[in-house]
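No value in this document is a laboratory result; all are computed from the given coordinates. None of the values given here were measured: they were computed from a predicted structure. Because the Cβ atoms are built from the backbone with ideal geometry, glycine has one as well, and the counts that use them run over all protein chains shown.
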């Protein structure tokens with residue numbers, strides 16, 4: 001749903017998610033996708049990316065935050081509204 005209660009068009013949503021993902025640096029994007037899509041542990045991500053486990057965790061955390069902020073801005077929601085909807 002969008003901020004005004006309308007359902008988002010999946011094609012537009014997919015394009016906006018893709019654009020937001022491509023706005024991340026490559027290491028952050030890889031860490032995020034390995035964690036969320038690949039469902040890998042942080043230890044596995046660290047081994048694949050040759051990063052420290054805590055560094056991989058930080059990349060995932062910051063990437064999620066950045067995507068959340070970009071998607072909220074795209075759909076006209078503020079971070080406060082996002083927090084209130086949880």
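So if each residue of separation counts as 0.36 nm, and I subtract the Cα-Cα distance between residue 37 and residue 65, what length gain in nm does that give?
Stretched fully, the residue 37-residue 65 segment lengthens by 8.4 nm.
Only counting other Cβ atoms within 10 Å, I'd like 39, 69 sorted with the fewest neighbours first.
Taking fewest neighbouring Cβ atoms as first place, the list is 39, 69.
Which of rounded, prolate, oblate describes region 16-78, given a ≥ b ≥ c as roots of the alpha-carbon gyration tensor eigenvalues and a/c under 1.5 marking rounded, otherwise prolate only if a/b is larger than b/c?
prolate
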